[in-house]
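Throughout, read-outs are computed from the coordinates displayed, never taken from laboratory work. For clarity, every value in this text was computed on a predicted model and none was experimentally measured. Please note: Cβ atoms are built from the backbone with ideal geometry, for glycine as well, and neighbour counts cover all protein chains shown.
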Amino acid sequence: MNALLSRRAPRLALGLIAPALLLAGWQWLATSGGASAVALAPLGSVAAAFVELVGNGTIFGDIVATLTRAFTGFAIGAGLGVATGTATAVWPLLNRVIAPLLNALRQVPMIGWLPLIGLWFGTGEGSELIVVCLGAFFPAMLNTHAGIANVEQRYLDVGEVFRFTTGQRFRRILLPAAMPLILTGLTQALAFAWIGTLASELLMGAGGGLGVTLQTAQVQQRLDVILVTVAITAILGFAINQIIARVRREVLRWQPASI
Amino acid sequence: MASRPLPLPAPAAATAGRSPFAPLAAPLSLLAVWQLACMSGLFPPQVLVPPSEVARTLWLMAGSGELERHIGDSLYRLAFGFAIGALAGLAFGAAIALSRLAEAAFSPLFLTLWQVPVIAFIPTMVLFLGINEPFKIAIVAVAAFFPIALATFDAVRGVPRAWFEVARVYRTRLPDLVRRILIPATVPAVLTGLRIALTRAWIVLVAAELLAADSGIGQMMEMGRQLFQLDVVLAGVVVSGLIGFLLDRGAREIERRATKWRTA
């Protein structure tokens, strides 16, 4: 058995059994006409929905809208986060003043801000972007701060010896030493931006995007559209993870392999 | 996507002072800034109500029993859903860690579903379960299931092989193996997974209540938003933040106590 499992092809086949059973059970329930068949869409209609969404191009518009929102919000939120984290790590006084504020604010989950933001800025695309920025801001800030504030003293001592200027010290010691944690922060920020994008689209329903399509499909009881959209969400999420992993490897190539 | 546990380094040494009042510095300074911003007259009361007003609203809602009802409903859903998700996650994680066959059969499907943010499952679940209690409990269970299953898998896989070999030498029976080796060896990592799952489940529950509910903290905020009751919305923000904070703190405390023997 174990010998069989260590080979690639049987493993792959085995992995396909559970999804296949799931689909078969699904199809059986959908076509048997029981009480749950109202909600279930047969596989044929899911495939048809996919063809329809791809054919009229709406799905590409949604993907572009969602990705644009996620990455714009990530760029703004994480950019501000890295800047704030750096500033609070370099100037202890600033840290003393604003860290307690930010610490209290970040206790509220990203989604908890949605109604308040909706009330302040309306439930438009701007509000959706603010939620994404907020989600990306805190992980970027916290990790950048931790990375720069905890640079080893001996590195800084070497800088002293070389009489580095402030700029040199920052560029040649603080930044490289903090880079692993900053990247961790950016990774988390992107993950939060991605979830925040879908959540805000789902809850506010403004503009276009995968979340908006999900919301509309739910109201129209189009399970086939929902399933296609969820599948695309999964693929995009997976792709983003892969990109992050690659960037991390590239940027941290000089580091020992343990990180 | 939300696969990484979030380590939360405290951003300030300021909050780690020795004074017993140090933990209060964060909320108090926020309240002070908030109150000052309101008193400065920069913001009209339709945009920002002072904390004193929010406190009054909370007091009134607590007096009428409304606040307790919302909090009680939310916490009940959280507890019920989390219990289901945690048990399923523990069982599933342990199963795919211990059996190569189960791993090969189920991990591809598991890892595929893991790519979908739990929030994206909300519309599907609404179609299947409606918008009543079963839906909210199920979404909490799903949110808790994934991080716990993954943490359990990692923890069980991380147990050194040699320990199992020792158990074999002593002919330890399965119940003893679980009780004396598996559980002590995996408790720290599993507890971390449970804590992360708990805070995540709370966030997803608030989102689900925002979308569809007749009670709960999320619904309280959503109603407040629709009726332009800024004080109610802000009260909801404060309460949801406080509950999230207390859940995380409580779980950390349990984690610390349960793993104390390790460092001793």
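Worth a mention:
- For B:232-243, mean number of other protein chain Cβ atoms within 10 Å: 4
- Taking a Cβ cut-off of under 14 Å around A:Val228, the surrounding Lys, Arg, Asp and Glu residues balance to a net charge of -2, with basic ones at +1 and acidic ones at -1.
- In summary, chain B shows an alpha-carbon radius of gyration equal to 1.21 times the 2.2 N^0.38 Å reference for compact globular proteins.
- For peptide B:125-134, the mean count of partner chain Cβ atoms within 10 Å of a residue's Cβ comes to 2.
- Placing unit charges on the Cβ atoms only, positive for Lys and Arg and negative for Asp and Glu, gives the stretch B:23-136 a dipole magnitude near 140 debye about its Cα centre.
- Computed from backbone phi, the HN-Hα couplings of the stretch A:168-174 come to 4, 4, 5, 6, 9, 10, 4 Hz, rounded to whole numbers (Karplus: 6.51 cos²θ - 1.76 cosθ + 1.60, θ = phi - 60°; Gly and Pro given as x).
- Here the protein assembly as shown is treated with +1 on each Lys and Arg Cβ and -1 on each Asp and Glu Cβ, and its dipole about the Cα centre works out to around 2320 debye.
- Summed side-chain charge close to A:Leu12 - residues other than A:Leu12 whose Cβ falls under 15 Å, Lys, Arg +1, Asp, Glu -1: +3
- Choice from B:Ile131, B:Ile254, B:Ile217 showing the highest fluctuation, given a GNM over chain B with Cα pairs closer than 10 Å: B:Ile254
- Top of B:Gly63, B:Gly216, B:Gly244 by mean-square fluctuation, Gaussian network on chain B, Cα under 10 Å: B:Gly63
- Two tests apply to each whole DSSP H helix in chain A, Cα reach of 27 Å or more along its axis and mean Kyte-Doolittle hydropathy of at least -1.0, and the ones passing both are A:8-32, A:58-90, A:125-149, A:175-204, A:223-251.
- Spherically averaged projected area in nm², based on the convex hull that wraps the Cα atoms of the stretch A:42-251: 13.9 nm²
- Peptide B:93-106 has a mean of 3 when you count, residue by residue, the C-beta atoms of other protein chains within 10 Å of its C-beta.
- Remark: spin-label model distance B:Ile131-B:Gln46 equals 2.7 nm, labels positioned 7 Å along the Cα→Cβ axis.
- What separates the Cα centres of the stretch B:197-222 and the stretch B:153-184 is a distance of 40 Å.
- The calculated Kirkwood hydrodynamic radius for the protein assembly as shown is 25.1 Å, given to one decimal from all distinct C-alpha pairs.
- Residue-count net charge about A:Ala206 - beta-carbon cut-off 12 Å; Lys, Arg +1, Asp, Glu -1: -2
- DSSP loop trypsin sites (Lys or Arg not before Pro) with at most 16 other Cβ within 10 Å: longest gap in chain A: A:8-162
- 4 °C / 1.567 mPa s Stokes-Einstein diffusion coefficient of the stretch A:56-159, Kirkwood radius on C-alpha pairs, µm²/s: 84 µm²/s
- Considering only B:Arg77, B:Arg195, B:Arg100, the Gaussian network model of chain B with Cα springs below 10 Å gives its largest mean-square fluctuation to B:Arg100.
- Measuring spread by the Cα atoms of the stretch B:126-264 yields a radius of gyration and Dmax of 20.4, 69 Å.
- Candidates per chymotrypsin sites (Phe, Trp or Tyr not before Pro) in the stretch A:132-234, loop by DSSP, up to 13 other Cβ within 10 Å: A:Phe162
- For A:Met179, A:Met141, A:Met110, the sequence from fewest to most other C-beta atoms within 10 Å is A:Met179, A:Met110, A:Met141.
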